[in-house]
Every structure is written in C-alpha cells, then in structure tokens.
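What follows is a single structure, written as structure tokens, with notes after it.
The values are calculated or read from the model by the stated rules, or taken from the named source; none is laboratory data. Predicted model, so just to flag it, every value in this text is computed and none were measured. Neighbour counts are summed over all protein chains in view; Cβ atoms, including those assigned to glycine, are modelled from backbone coordinates with ideal geometry. Side chains included, ligands, DNA and RNA excluded: accessible areas come from the protein's heavy atoms. Shrake-Rupley method; radii C 1.70, N 1.55, O 1.52, S 1.80 Å.
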Amino acid sequence: MKFWSILKDSFREAIDCKVLYVMAGLSFLIILFVGSTTFRPVSAKETMQNLLSGEFLFVTRALQNDPESKNRSAVPPRFEGPFRLRDVRAAKGEMDSPDSEYLLIVSQDHASAEEAGKTRRAPELALETLKNLFTFAEQWKLLHIAEIRVLQAPPEGIRKSNLEPQLVFFQIHTQPTEATRRLWQHEPALLFGAVPLHVKQPLGIMLYVLASIVLSIGSWVTILVSVIITAFFIPNMLRKGTVDLLLAKPISRWSLLGYKYLGGLFFIFLNTAFAVVGIWAALGLRSGIWANSFLLMIFVITFFFAILYAVSTLFAVMTRSAVVCILMTCGAWFLFFLVGTINQVVDTQQQKEIADEVARHERTSEGTFASVVKVVHAITPRTSDLNYLAGKILLSDFLTGDFASAANLDKTSITWESSVAVSLAFVALMLGLACWRFAAKDY
Amino acid sequence: MPVIETRDLSKNYRRIQALKDVSLRVEKGEIYGLLGQNGAGKTTLVKILLGITRNWQGEARLLDVTAGRAEARRRVGYLPEDHRFPDYHSAASLLEFYGGLLGVPRVERRRRSPEILETVGLRERMHYKIRTYSKGMKQRLGIAQALFHDPEVIFLDEPTDGVDPIGRREIRHIMERLKEAGKTIFLNSHLLGEVEKICDRVAILQKGVMIQEGDIATLTEHKGTFLIGLAAGQMFPVEELAKHGYQATRRDDLWEIAIADGQEIDPVVDLLRGKGLGIRHLVEKRQSLEDLFLATVAPAEPGVDRPGKRLRDDRIQREARSRGIGEKP
Ligand SMILES: Nc1ncnc2c1ncn2[C@@H]1O[C@H](COP(=O)(O)OP(=O)(O)O)[C@@H](O)[C@H]1O
Ligand SMILES: [Mg+2]
C-alpha cells in the first residue's frame, strides 16, 4: 500500500509538470510519422529473381550462422544456364503480395525440339537439377517449395516469341515463410505516399533503419528530458518542511527512497511504453511485420534510464540540488558512452587480431591502453553495450523473424548476461550508497 | 507508562549543542508545552522523538518504543514548523497520500478525509491545488493531516505560527477537543499566552538545557503574595498592618500584601474582620507565564537565535521585552 501511495504521488508530481504532456505529444507525433510511412511491394517477378539469386545472403548467412547451417549450401546457385524464370503467377492470394503463394514458370532450354520432348517424357533429371536450384531458397527459409512439376504444354499467357519448341516449361509452387515478407523488396514513401523515396530495399532492412533512427532520436530525447524532470523529484522530496512530514510516517528511510526511485522509473516506463508500443503498432500495421522484439526496447530504455537515475538519486541525497543531479547524471551518461564506445573498438580489434592469428605480443588490442579500457569497462554500467545488443536483436528480428539468431550476427565478447549483471550491480551500489547516506542524515 | 520519556537526552549538530541532558516525561492525556526561544532546541527534541533527527545520546522513548523506530510513528500525528506540502497535491489527495503511508485503509481514508477537512474548514477547497492556498489554510491543512489517522500522540510545532487570532482560537478549540478525547499533545511554542491557556504542564528550554518544568499552576503560583479587596468605600488599614509587619501596596482597586517566610495570611484576615471590614476579594497572586519566562530566560540579543553577551543597555532590554521574547525581530 505504501508503495502504491508513493507511486501515485510520483505520478501526480510528473503530471503536474506539464512536460509530461509535451512528451506524450512528441511521442504521438513520432508515432504518426511512422504510421504515415507506406511501403509498396515491388513486383513478384523481380523479387523472386532476387530471392533465387541469393541477393540477400549477406544478411541471412550472418543471422543463421548456427551449427545446423553447416549442412546448408554456402553459395547460392547462379540462376542461369538453361533455366530461366519466365513468369510468376499468384496461386493463392493477390499478385505481388509477399504473403501469396506463387506459381513460378521456369523454362529449360534444349538444343533441339527432340531433346525437349525427351525431357517432357522423362523429366526426372531436370526436376532434380531444378530442385537443387531451389534447395538454396528453401534451406534458408526464404521460400517454401510446395511442388515442382513439368508442364506438358506451354502455359497460357507466355509470349509468342518464347514459345519455341526446344523449351520445356516447369511450374514451381511456392509458399511464403517468415522471411519472405521481410526480404521482399519494397518502395517506401513518407507522409501517406506524398514523398516517395525512390529506393528498392527489402522491407525488413527499411523497417530496421526507420525503427533505429526513430528509436535512437526518440530515446535520446526521452531520456534527456526524463533525466531533467526526475532530477527534481528527490531534491523536492528532501526539502526542509517536506521531508519532515514523510520521515514522520511509519516507513523506513530505505523504503522511502527506494519507492521514490521506482516511482521515477515508473514514470519513464509509462512514457516509453506508450511511445514504443505506438511505433511498433504503426510499423506493424503499415508493413505487416510484427517485430515483437521491438517491444523489448521498452525495458532496454527503462533499464538504461534506471542506471542514470541511480546516479541522480545518489547526488540528490548528497546535495539536495536538482542542478547538481542533472549535471552529474549527464556527465555519467557521457562517461559510460565513452567507455562503451572505446571498448567496442578495442574489442572488435581484438576479435579481428585473434581471427587473423596475430601473435600475442604484437596485438594492439592487448597493450596497456586496451587493458585499462577493459578494466574500466568491466566495472562501469554497460549502457552502450545494451544499445548495441538491442540493435542486434532488432536487426535479426526485422530480417528473419527470428531474434534468437542475433547472437550469430557478429563475434564480440559483449553479452547480455554480463552487461545486465554489471549494470545492475552498479545500480545497486549507487542506491545502496544513497540509502546509507539518507538513513544516517539529520533533517 | 509515560507516552513520551527522555532521559539525559543530548544532541550535537557538529559544534552546536542543540540539547543537553534533557529529561522529561509526558503522561497519557496531557497537553505538554515546550517553551523556549528560537534555537532553544524544541524542534530538535521533537525530531529526535520522531526519528527525523538521528545520532543522539541518552534515552528517548515514544509510546514505549525507542525513538526513531517506525512502528511508534503509526500512532503519532505531527505538524512540523515551516512545513511545506508538495504543492501538486490538493488537500484531499494529500490526505490520501499520507493516509496511505500511515497505513490507513482505503475505505477509511475516503470516509475520514472530508470529515477532517470539514473540521478545519477546508472542505470546500479540498480539491484545489495546495499552491492556491493561503498561509492560514496551509496551517489548517497541516493540522488536518496531523489528526487524519486518529493518532494517540500529536506533536504540534508552532501550530499557530502565522495564523490570525480567530484561527488561533479555533486551533485551541481543536486541541481542547483532542484532550477531551484522551489524546496526548506535545506543543512547541514561544507564544506564552497560548501555552498558558491550554497546557497542563510546561518545560522551558534554554540553549538546549531544561531550566524549568512543572504544572502551569505550580509554576505561575507566586508564593506569598496576596491580593485583597474590601467592600466599596471602606478604607484599607495600611498603617495598622505595617505595625504588625505586613507591607501593603496599592494595585488599582486592590491591595497587594507580600508575606515574609514564616508568616501566614490568616492574621491579616482576622485583623481586617476584627475591624469590621468586609473582604470581597482574596487571592494568592499568580504570575503570568510570561513573567516567569522573562524571569528565567536570559534575554536574547535582537537578531540572534542564541543569547549572546549580556545586554548592558537597559533600553535595548526593554525593547526586547516589548517585542516579546523569542519572537523573530
Ligand atoms: N539540521 C541542523 N544542522 C545544524 N544545526 C541545527 C540543525 N537543526 C537545528 N540546528 C541548530 O540547533 C539549535 C536548535 O534548533 P531548534 O531545535 O530548531 O530550535 P527551536 O525549535 O527551539 O527554535 C539551533 O541553534 C539550530 O541552529
Ligand atoms: Mg522550532
């Protein structure tokens, strides 16, 4: 009950400073902006051509770098030679929609009409070859191949000039997978189609870029504003004449400060949840891709803020000055950023040197400077690492619909477990110091 | 079992000694007044009892628990001096908030909040933000929040500070009602007239030391001075009394007689009656609390919390008195 009382009080305080409305308004504008972005799929034929030729392999290979993929083809087949994609027709659903099932019409060129006739009668060998061509797409789950069969007569709607007797036609029935829509090329336009952007990119990549831009700017602004607003909460509570009233209540000082801290977090949690869910829904409605890992950002941003707010709380108790809190928190923020960034550079360098088998004593990533960076990084909260890890998850989710594969995106020693653990330890340390100081102080 | 008890309670703020070996007891149902100039340590004492100030020496118990423990505070109401309520609250929401912290059940809070605000005359404005309240309204809200959870002990630190005379009388009435209900009230004040009217017992603090303690009646009793009044038109036999060794001086319509040690007033009465004079008035003279206070407390230099050098200049001293000792210059 006491917790709820303080939570409600914090909420009232947050609402009282009108900034909350401004932030909600800004979030709403961002959501509206995201929601006004439209994506038009390019033609099915063009996309199929791309999918089959391994255009997006750079993405998928990185993402699906798991042990199982050792059994998969490493290099896509060149979709050329005697086989050519002649036509794409919708088998089920609308034409040019990523969610439809398609019939691909592929022709095989023969030296003569007789040989073509032979293949029509006994197509096993051709079917086998063709199947191999599609194994690639299927193994990487770009498409699901339902059926491949030879057509005894040329299908309708093929141009006259293509109806040469030495051509044998095959029909491949495809069904979409999780990844199909994500890798399907789209053309984006802003503001409900008013500003077309004239690019063709896989939908997932565009969503990822859009989400990243909006998120990084949005979370930066949100956190900055929140740092400023919340910096006043605890100093206000500790003002003479106000703190007396609270301390005279039957609640321990530890809980009082702890609840107040959680109250501040709750405030930004609500804020973030509103913005993130809004953006996620806008993206989902517009693109049909519901990247659920995006919702994880609510917790990542809140956690990020929790680290900074712990710093703010400590200084609030020590100085009771909101200005000092803001300055110190922003200072800490910058410091964490700096340490994280430098460490990432060093870390990447080290991974590279290990891969290149550079001799130990020649590695620049193991010198004095690098060691100092690593030690400092080991004990500072991992705000940058959290951002980096969350970005990886987002990318893999937007591209394959599978965020578990994010771990395979690249090789660094940065992990969730250590980042969260060290950051939590830091938060606990800051809060512990703050409580200890608060509990002993005379008011 | 005393409600409040301190024994040799001392508190230092770095180099300032705010309390020095203060021992007091407050019984259930009493109104106890703590007097003293600004900076005498009254607030410090209350804050120690409530656990707002820590690290003290000696013994301090509140409701039979060592001072500072959270459980005793559940049964305690507190109106701090210079209180500042979070002004984003309204009176109603503030009581809701504090009620929650005090562990008052939700239903109870809903019921009691308009009731108590009615008592202090804030009901109509209970949903307005506190920042729109006048000083007097804030003070009344302060009293409402101190009484909200029906506490057994109520600490009031300068409750009538900045309240107009009518408001002061209302506050006094509230205190009287609380006393009738068997509550214990601990009142810090430098407004002596007020304390005299309401308190059962008082203590006077000076520079952190308790220099007087006792019943109001006992303290203000002026042993050995009587006021006598005769029926209209009768002459007071001053010279005759002087022969018997009693010194009478005129005080308006009455005569004041100071009695030396070993003497009684009865012979005077016999003498007057013997002469056939009609006695209409006979009381043992009391000194006001203010007289007592001024007599016991070293005068402060104007503008200084702590009494400094003795005031040499009689003129300044008189000035200080006319202002009322302890009041902010
Ligand atoms: N938090 C504090 N830090 C340092 N000195 C204090 C503090 N609170 C009170 N004092 C000092 O202790 C003395 C007693 O103060 P206080 O208890 O407020 O007196 P009163 O309530 O009788 O006016 C004063 O000299 C005051 O300056
Ligand atoms: Mg005081």
Inset, instruction - Could you sort the residues of the range A:1-41 by number and keep only those whose accessible area is reduced by 50 Å² or more in the all-protein-chain setting relative to the chain alone, 1.4 Å probe? - result: A:MET1, A:LYS2, A:SER5, A:ASP9, A:ARG12, A:ASP16
Legend entry - Over chain A: helical MRE at 222 nm, DSSP H runs n ≥ 4 each giving -39500 (n - 2.57), nearest 500: -20000 deg cm²/dmol
Legend entry - Among B:LEU178, B:LEU63, B:LEU272: highest mean-square fluctuation, GNM of chain B, C-alpha pairs under 10 Å: B:LEU272
Legend entry - Computed FRET value (nearest 0.05) for B:ALA232 with B:SER23, which takes r as the C-beta separation and R₀ as 51 Å: 0.50
Legend entry - Calculated FRET value between A:ALA91 and A:VAL221, using beta carbons and R₀ = 45 Å, to 0.05: 0.45
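Loop-only check: which GluC sites (Glu not before Pro) in the range A:86-137 are DSSP coil with at most 12 other Cβ within 10 angstrom?
A:GLU94
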Legend entry - the range B:22-132 pair-distance distribution - Cα-Cα, 10 Å bins, rounded %: 12, 35, 32, 20, 2
Legend entry - Kirkwood Rh and Cα Rg combined as Rg/Rh, the range A:183-322: 1.17
Inset, instruction - Please list the non-local residues whose amide H lies under 5 Å from the amide H of B:ILE31, H modeled 1.01 Å from N, same-chain partners needing a gap of 5 or more. - result: B:ILE185, B:ASP200, B:ARG201
Legend entry - Where N is the number of residues in chain B, Cα Rg divided by 2.2 N^0.38 Å: 1.20
Inset, instruction - Once you have a ≥ b ≥ c as the square roots of the Cα gyration tensor eigenvalues for the range B:221-286, tell me rounded if a/c is under 1.5, and otherwise prolate or oblate according to whether a/b is larger than b/c. - result: oblate
Legend entry - In order through the range B:197-209: 3J(HN,Hα) via Karplus (6.51 cos²θ - 1.76 cosθ + 1.60), integer Hz, x for Gly, Pro: 5, 10, 7, 8, 9, 9, 10, 10, 9, 9, 6, x, 10
Inset, instruction - For the range A:154-208, evaluate the Debye formula with one uniform point scatterer on each Cα (no solvent term) and list log10 I(q)/I(0) at q = 0.30 Å⁻¹, rounded to two decimals. - result: -1.16
Legend entry - Computed [θ] at 222 nm, helices only, for chain B once each DSSP H run of length n ≥ 4 contributes -39500 (n - 2.57): -10000 deg cm²/dmol
Legend entry - Cleavage-rule hits, chymotrypsin sites (Phe, Trp or Tyr not before Pro), the range A:160-250, DSSP coil, Cβ neighbours within 10 Å at most 14: A:PHE192
Inset, instruction - Would you work out the relative contact order for chain B, in percent, from Cα pairs under 8 angstrom that are 6 or more residues apart? - result: 19 percent
Legend entry - Isotropic mean projected area of the C-alpha convex hull, the protein assembly as shown (nm²): 51.9 nm²
Legend entry - Per residue solvent-accessible surface (Å²) - the protein assembly as shown, probe of 1.4 Å: 47 Å²
Inset, instruction - Show which lysines lie in cross-link reach of B:LYS129 when reach means a straight Cα distance below 17 angstrom and same-chain residues fewer than eight apart are skipped. - result: A:LYS8, A:LYS18, B:LYS138
Legend entry - Taking all pairs of distinct alpha-carbon atoms in the range B:176-259, Kirkwood radius in angstrom: 16.4 Å
Legend entry - Phi to ³J(HN,Hα) by Karplus 6.51 cos²θ - 1.76 cosθ + 1.60 over the range B:48-64, Hz, x for Gly, Pro: 5, 4, 8, x, 7, 10, 10, 6, 10, 10, x, 10, 8, 10, 10, 6, 6
Inset, instruction - Mind listing, in residue-number order, the residues in the range B:44-88 that have at least 40 Å² less accessible area with every protein chain present than in their own chain alone (1.4 Å probe)? - result: B:LYS47, B:ILE52, B:ARG54, B:ARG73, B:ARG84, B:TYR88
Inset, instruction - Relative to the longest principal axis of the C-alpha atoms of chain A, give the angle of the C-alpha long axis of helix A:416-440, reported between 0 and 90° and rounded to the nearest 10°. - result: 10 degrees
Legend entry - Total accessible area lost when A and B pair, probe 1.4 Å, Å² to nearest 100: 2900 Å²
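Over 34 Å apart: what share of the alpha carbon pairs of chain A falls there, rounded to a whole percent?
50 percent
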Inset, instruction - Find the eigenvalues of the gyration tensor of the Cα atoms of the range A:270-391, then list the square roots of 5 times those eigenvalues as equivalent ellipsoid semi-axes, largest first, in whole angstrom. - result: 32, 26, 8
Inset, instruction - Return, for the Cα atoms of the range A:3-45, the radius of gyration and Dmax in Å, separated by a comma. - result: 19.1, 61
Inset, instruction - Counting only C-alpha contacts under 8 Å and six or more residues apart, can you give the relative contact order of the range B:221-286 as a whole percent? - result: 53 percent
Legend entry - Backbone HN-Hα couplings from phi across the range A:317-329 [Karplus 6.51/-1.76/1.60, Hz, Gly and Pro as x]: 5, 6, 10, 6, 10, 5, 5, 4, 4, 4, 4, 5, 5
Legend entry - Solvent-accessible area lost in complex, 50 Å² minimum, residues of the range A:245-260 relative to chain alone, 1.4 Å: A:LEU245, A:ALA248, A:LYS249, A:PRO250, A:ARG253
Inset, instruction - For chain A, calculate the relative contact order in percent as a whole number, restricting contacts to Cα pairs under 8 Å that are 6 or more residues apart. - result: 19 percent
